[in-house]
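The values are calculated or read from the model by the stated rules, or taken from the named source; none is laboratory data. Only a predicted model underlies this, so the values are computations on that prediction, with no experimental measurement involved. Every residue, glycine as well, gets a Cβ built from its backbone with ideal geometry; the counts of neighbours run over all protein chains shown.
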Amino acid sequence: MVVHAHPDDESLGSGGTLQHYGSRGVRTVVVICTGGEAGEISDPALATPETLGEVRRRETEAAMAVLGVDRLCWLGYRDSGMAGTADNDDPRSFQRANMAEAVGRLVRLIREERPRVISSYDVNGTYGHPDHVMAHRVAQAAYWAAGDPNRFVDAGPAWTVPKLYEQVNPRSNMERMREALRAAGVGRPPEGMPPEEEERRFRERLQRFAVPDDAVTTLIDIRGLVEKKRDAVLAHRTQMGPEGRFQRMPEELRRQLWTHERYRLVAGPFAPNGDGLEDDLFAGL
């Protein structure tokens, strides 16, 4: 079970992992916490602000079909938007959700599905988006609550999930991706921004959101799964316009960048291979 904040996060963050396990007969479940109503609209012909949530739901269903996901679940909250925007104030937004209610919704899904592994984001939500941070908080709390028969007693029989992971981006990978994108002319600095300011901002993001390399415990090799991951990402058409980075990224560069999906084990047995890292989320089970 993977817990994500918005439509398209599941494909960008876990698109390879979902394929990797689905192709091996493992049941895969995607939980998306919001409808993505505050996202972009790459083409006005695709959606309006009023219809964007429903359009993104259909886009996600198309992406799930590409990835072969067994079940797609919606936690039922509204997109909170980027930090500091008006969407933050919407009482329906995920970041304003009652914590116990949100955890209870996810506990019910965990007890229904009885997964052996759950993954979500780290404490910074990968890049600080309020909904990503909230998804981290809810997933962590629900992981522990699901196994306690005295909590959320109306949500079904207790189920203790053997392993919990956070999806992470190590500093070396963030730097590697930046250099590769620059070399390919895809990741250019914003027009008019002095190079030293762009460098300062990058270093700030690196320090704030990337994890030290030794925080990574588990690597899932997705090098043979890049094509379908790309197709799933591009199924989110409202977010992936023709001028966007993912549309313009050459196939060779995509294969260079999308080699592994990286995780940190939070709870459960650690069973490394000869390199000192796990190569399987189910290692030790």
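How many of the residues in the range 124-138 are within 11 Å of the chain's Cα centre (by Cα) and among the polar types (S, T, N, Q)?
Final tally of qualifying residues: 1.
Out of the range 33-52, which residues are out of contact with any Leu (no Cβ under 7 Å at 6 or more places or on another chain) and not in a loop (DSSP other than H, G, I, E, B)?
Thr34, Leu52
What about Arg92, is it under 19 Å from Glu10 (Cα atoms) and basic (Lys, Arg)?
Numbers: under 19 Å from Glu10 (Cα atoms): no; basic (Lys, Arg): yes.
No; evaluated as a whole, the condition is false for this residue.
Inspect the range 87-101 for any residue being farther than 22 Å from Ala141 by Cβ and either within 16 Å of the chain's Cα centre (by Cα) or surrounded by 13 or more Cβ atoms within 10 Å (Cβ to Cβ) (or both) and give the result as yes or no. Walk me through it before giving the result.
Pass one, the range 87-101, residues farther than 22 Å from Ala141 by Cβ: 87, 89-90.
Now drop any that are not either within 16 Å of the chain's Cα centre (by Cα) or surrounded by 13 or more Cβ atoms within 10 Å (Cβ to Cβ) (or both), which leaves 87, 90.
Yes, the range 87-101 has at least one match.
Return yes or no: is Arg71 under 18 Å from the mean Cα position of the chain (by Cα) and either free of Cβ contacts under 8 Å to residues at least 24 places away in the same chain or farther than 27 Å from Gln247 by Cβ (or both)?
Spelling it out, Arg71 is indeed under 18 Å from the mean Cα position of the chain (by Cα) and either free of Cβ contacts under 8 Å to residues at least 24 places away in the same chain or farther than 27 Å from Gln247 by Cβ (or both).
Would it be correct to say that Arg237 is at pLDDT 95 or above, in a strand (DSSP E or B), out of contact with any Lys or Arg (no Cβ under 6 Å at 6 or more places or on another chain) and surrounded by 16 or more Cβ atoms within 10 Å (Cβ to Cβ)? Don't jump to the end; show me each part of the working.
Numbers: at pLDDT 95 or above: yes; in a strand (DSSP E or B): no; out of contact with any Lys or Arg (no Cβ under 6 Å at 6 or more places or on another chain): yes; surrounded by 16 or more Cβ atoms within 10 Å (Cβ to Cβ): yes.
Against the criterion (at pLDDT 95 or above, in a strand (DSSP E or B), out of contact with any Lys or Arg (no Cβ under 6 Å at 6 or more places or on another chain) and surrounded by 16 or more Cβ atoms within 10 Å (Cβ to Cβ)), Arg237 does not qualify.
Kindly evaluate Glu112 against the criterion of being assigned by TED's automatic domain parsing to the domain that holds Glu204 and either acidic (Asp, Glu) or without any contact (Cβ under 8 Å) to a residue 40 or more places away in the chain (or both).
Details: assigned by TED's automatic domain parsing to the domain that holds Glu204: no; either acidic (Asp, Glu) or without any contact (Cβ under 8 Å) to a residue 40 or more places away in the chain (or both): yes.
Taking the combined requirement at face value, the residue does not satisfy it.
Here are some residues: Arg205, Arg255, Arg178. Which one is assigned by TED's automatic domain parsing to the domain that holds His129, touching a residue at least 12 places away in the same chain (Cβ under 8 Å) and not in a loop (DSSP other than H, G, I, E, B)? It would help to see each step written out before you state the result.
Values: Arg205 fails: assigned by TED's automatic domain parsing to the domain that holds His129; Arg178 fails: assigned by TED's automatic domain parsing to the domain that holds His129.
Of the residues listed, the single one that is assigned by TED's automatic domain parsing to the domain that holds His129, touching a residue at least 12 places away in the same chain (Cβ under 8 Å) and not in a loop (DSSP other than H, G, I, E, B) is Arg255.
Under 7 Å between Cβ atoms, which residue pairs at least 6 apart in sequence (or on different chains) link something in the range 2-21 that is under 20 Å from Arg237 (Cβ atoms) with a partner that is assigned to a helix (DSSP H, G or I) and among the polar types (S, T, N, Q)?
Cβ pairs passing all conditions: Pro7/Thr60.
For Ala141, are the conditions met, namely being touching a Pro at 6+ places or on another chain (Cβ under 8 Å) and over 19 Å from Ala38 (Cβ atoms)? Show your work before the answer.
Values: touching a Pro at 6+ places or on another chain (Cβ under 8 Å): no; over 19 Å from Ala38 (Cβ atoms): yes.
When the stated conditions are applied, Ala141 does not pass them.
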